[in-house]
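Enquirer: I am attaching a structure below and will ask some questions about it afterwards.
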Amino acid sequence: MNKLTKYPFAQLYDMSSGISSAKEQAGHGDPFISFSTVFNNYFLPDILPDLMETTPEEQETYSVKKGDIFVTRTSETIDELAMSCVADRDYPKATFSGFTKRLRPKTQGIVYHRFLAFYLRNNLFRKTITNNAFMTLRASFNEDIFSFLNLYLPEYSEQVKIGDMLFSMEQKIETNNRICSELESMAKTLYDYWFTQFDFPNAKGKPYRTSGGAMEWNEQLKREIPKGWEVDAINSIMAIDNNSVDPKKLGDTMMEHYSIPAFDDGHYPAFEPASTIESGKYAVDQECILTSKLNPHFRRLWDPYCDTENAICSTEFIVYRPRETWTRPYCFAVLNSDEFYAHMVSRATASTGSRKRIQPDVSAAFQIAIPDEKTMRSFVALYDPVMKQLKNLRKENYELAKLRNWLLPMLMNGQAVVE
């Protein structure tokens, strides 16, 4: 078993507050670490997604160096407080948000920054944060809480082995995420090219509309569409299939449970006994396509590709089932289109608090131009492999994240070792 040494967190790191900036400074200038960047990443991205106009003096005071830890300072819930993100290199001219705190190492050779990136996101340390935090109108992380926290660390050489191994796993996850983003963009571009611009390949392999393909005005859509195509609501090609199921009646059957939080956590479901799942759910299978009813979540569309026969989803989803199985990729592409999103946004009505909800029948009334079968089959042949590759990459990430979260405590207490 690895020997763990207790260190007061504040003995190893200095805490500093971030920059207070005005709106007119944002969106241009030099690299900037925002709240969302810290919240959503174990390590700072190579290219920071945000910019802030800052002075050389501010860049010195609020600098970002290798080994720095950034934590979220405030949150609406205690569970999301003090989420951490580590700098794996120096970021010249970068500064960080006042909604975060910077922890800068005081010493060398005691803490390995890559190891700590995973340690601080581990469930055990997260429980320490929630036990010490406090709520007023929002949860807040400050110097008092910081002074109460302790780190229990193995030898530095062990930290390096563990940190580097887990970091390589995280790099693989990030590589997969970048590929997924490209595939998602490719899928949307493909749909737009074929069914918004109508430049699908004609009989000679040329872009249909650009090459002079016959078009005709459609009064329902208020635009020209290819001659001979039908216009109808999406419920003509896919049906709403809300087959209710009571999880409590399924005993301890392990269920593949899709929910909004599961979607947010990487597109993959929770696996849990039916007896622990509250309230009624909808049954889903590999033919189903899910969209959520609630704003802002209904902007996120989801193709679950269920892997078990015991799958259910939250009733906050609308469950669509293609009327013909082979059309499923096309149906998903329609539901994933910008036009369908705009339809959902414009027709949602007030729900709970500031949220809005779309009714299933209103969603299903969305009108589209439906291509002939040959065109649709050609599209499906291109689109389906993209979606299946997305599924495989997301599943790999899910398995890697699960392995990472299981390994850390095992490695720390000596039940597993890195050779």
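Read-outs throughout are calculated quantities, based only on the coordinates presented, and are distinct from any laboratory measurement. Because the structure is predicted, anything quoted here is derived from the model rather than measured. Virtual Cβ from ideal backbone geometry, glycine too; neighbours counted across all protein chains shown.
Enquirer: Find the centroid of the Cα atoms in region 197-245 and in region 1-59, then give the distance between the two in whole Å.
Expert: 48 Å
Enquirer: Return the calculated 222 nm mean residue ellipticity for the chain, to the nearest 500 deg cm²/dmol, obtained by summing -39500 (n - 2.57) across DSSP H runs with n ≥ 4 and dividing by the residue count. The partial results should precede the final answer.
Expert: Working: 12 runs with 147 residues, N = 419.
It comes out at -11000 deg cm²/dmol, rounded to the nearest 500.
Enquirer: Provide the net charge surrounding PRO31, with neighbours chosen by a C-beta distance below 14 Å and charges set as Lys +1, Arg +1, Asp -1, Glu -1.
Expert: On the way: positive: LYS65, ARG89, LYS93; negative: ASP30, ASP46, ASP50, GLU53, GLU58, ASP68, ASP90.
Its environment carries a net charge of -4.
Enquirer: Express the relative contact order of the chain as a whole percentage, based on alpha carbon pairs under 8 Å and six or more residues apart in sequence. Walk me through the numbers on the way to the answer.
Expert: Numbers: 719 pairs, mean separation 63.3, N = 419.
Relative contact order here is 15 percent.
Enquirer: SER157 to LYS127: FRET efficiency via 1/(1 + (r/R0)^6), r the Cβ-Cβ distance, R0 30 Å, to the nearest 0.05? List each step's numbers first, then the result.
Expert: On the way: r = 28 Å, r/R0 = 0.92.
Computed FRET efficiency for SER157 and LYS127 comes out at 0.65.
Enquirer: Extension gain ASP384-GLU399, at 0.36 nm per residue separation less the Cα-Cα distance, in nm?
Expert: Numbers: separation 15, 0.36 × 15 = 5.40 nm, distance 2.27 nm.
In short, 3.1 nm is gained.
Enquirer: Provide the gained length on full extension for the span PHE148 to ARG209, in nm with one decimal, where the gain is 0.36 nm per separating residue minus the Cα-Cα distance.
Expert: Values: separation 61, 0.36 × 61 = 21.96 nm, distance 6.72 nm.
Result: 15.2 nm gained on full extension.
Enquirer: Additional query: Looking at the P(r) of region 230-370, how many percent of alpha-carbon pairs lie beyond 28 Å?
Expert: Details: 1641 of 9870 pairs.
The proportion of pairs with Cα distances above 28 Å equals 17 percent.
Enquirer: Okay, next question. Dimensions of region 5-153 along principal axes (Cα, Å, largest first)?
Expert: Taking max minus min along each principal axis of the Cα atoms, region 5-153 gives 42, 39, 23 Å.
Enquirer: Let me ask another. Per residue of region 50-66, what does 6.51 cos²θ - 1.76 cosθ + 1.60 with θ = phi - 60° give for ³J(HN,Hα)? Whole Hz please, x for Gly and Pro, Karplus curve as stated.
Expert: My calculation for region 50-66 gives 10, 10, 8, 6, 9, 8, x, 5, 5, 5, 6, 5, 10, 5, 10, 10, 3 Hz in order.
Enquirer: Amide H of PHE96: which non-local residues (sequence gap of 5 or more, or other chain) have their own amide H closer than 5 Å, using H built in the peptide plane?
Expert: Here the answer is ILE19, ILE33, since their amide H atoms fall under 5 Å of that of PHE96.
Enquirer: Rounded to the nearest 5, what is the percent of antiparallel bridges among the DSSP beta bridges in the chain? Please list the in-between numbers first.
Expert: On the way: 55 of 62 bridges.
Beta bridges within the chain, antiparallel portion: roughly 90 percent.
Enquirer: Work out the FRET efficiency for LYS6 and LYS172 from their Cβ-Cβ distance, taking R0 = 35 Å, and round it to the nearest 0.05. Please report the intermediate quantities before stating the final value.
Expert: Working: r = 33 Å, r/R0 = 0.93.
So, using R0 = 35 Å, E works out to roughly 0.60.
Enquirer: I've got another one for you. What nm distance separates the two modelled labels at GLU373 and SER36, each placed 7 Å from Cα along Cα→Cβ?
Expert: Spacing of the two 7 Å Cα→Cβ label points: 4.5 nm.
Enquirer: So how do 56-64, 248-256 stack up, highest first, on mean other-Cβ count within 10 Å?
Expert: Numbers: 56-64: 15.8, 248-256: 14.1.
Final packing ranking: 56-64, 248-256.
Enquirer: Also: Given points 7 Å out from each Cα along the Cα-Cβ axis, report the THR308 to MET410 separation in nanometres with one decimal.
Expert: Rounded to a tenth, the inter-label distance reads 2.0 nm.
Enquirer: Got a sec? How would GLU399, GLU287 order by Cβ neighbour count within 10 Å, fewest to most? Display every interim value, and only then the final one.
Expert: Values: GLU399 11, GLU287 14.
So the residues, fewest neighbours to most, are GLU399, GLU287.
Enquirer: If I compute semi-axes √(5λ) of the Cα gyration tensor in Å from the structure I just sent, which labelled value in [x] 41, 27, 18; [y] 45, 26, 21; [z] 46, 33, 22 lines up?
Expert: The value matching this structure is [y].
Enquirer: Hey, with R₀ at 30 Å, roughly what FRET efficiency would VAL362 and LYS93 work out to, going by the Cβ-Cβ distance, to 0.05? Don't jump to the answer; show the numbers that get you there.
Expert: Details: r = 49 Å, r/R0 = 1.64.
Between VAL362 and LYS93 the formula returns 0.05.
Enquirer: Also: What nm distance separates the two modelled labels at ASP285 and ARG104, each placed 7 Å from Cα along Cα→Cβ?
Expert: 6.1 nm
Enquirer: Using amide H atoms built in the peptide plane, which far-off residues or other-chain residues are under 5 Å from ASN218 H to H?
Expert: Distant-sequence amide H within range of ASN218: ARG223, GLU224, ILE225.
Enquirer: Now a separate question. Among rounded, prolate and oblate, which fits region 163-297 when a ≥ b ≥ c are the square roots of the eigenvalues of its C-alpha gyration tensor, a/c under 1.5 means rounded, and a/b larger than b/c means prolate? Could you put the intermediate results ahead of the total?
Expert: On the way: a/c = 3.45, a/b = 1.54, b/c = 2.24.
In terms of gyration-tensor shape, oblate.
Enquirer: Now for a separate question. Once you charge only the Cβ atoms, +1 for Lys and Arg and -1 for Asp and Glu, what is the size of the charge dipole of region 5-153 about its Cα centre, to the nearest 20 debye?
Expert: Values: 16 positive and 17 negative charges, 134 e Å.
Dipole about the Cα centre, nearest 20: 640 debye.
Enquirer: Under 26 Å Cα to Cα from LYS65, which lysines show up? Leave out anything in the same chain fewer than 8 places away.
Expert: Within the straight-line limit of under 26 Å, LYS65 reaches these lysines: LYS6, LYS23, LYS93, LYS101, LYS106, LYS161, LYS172.
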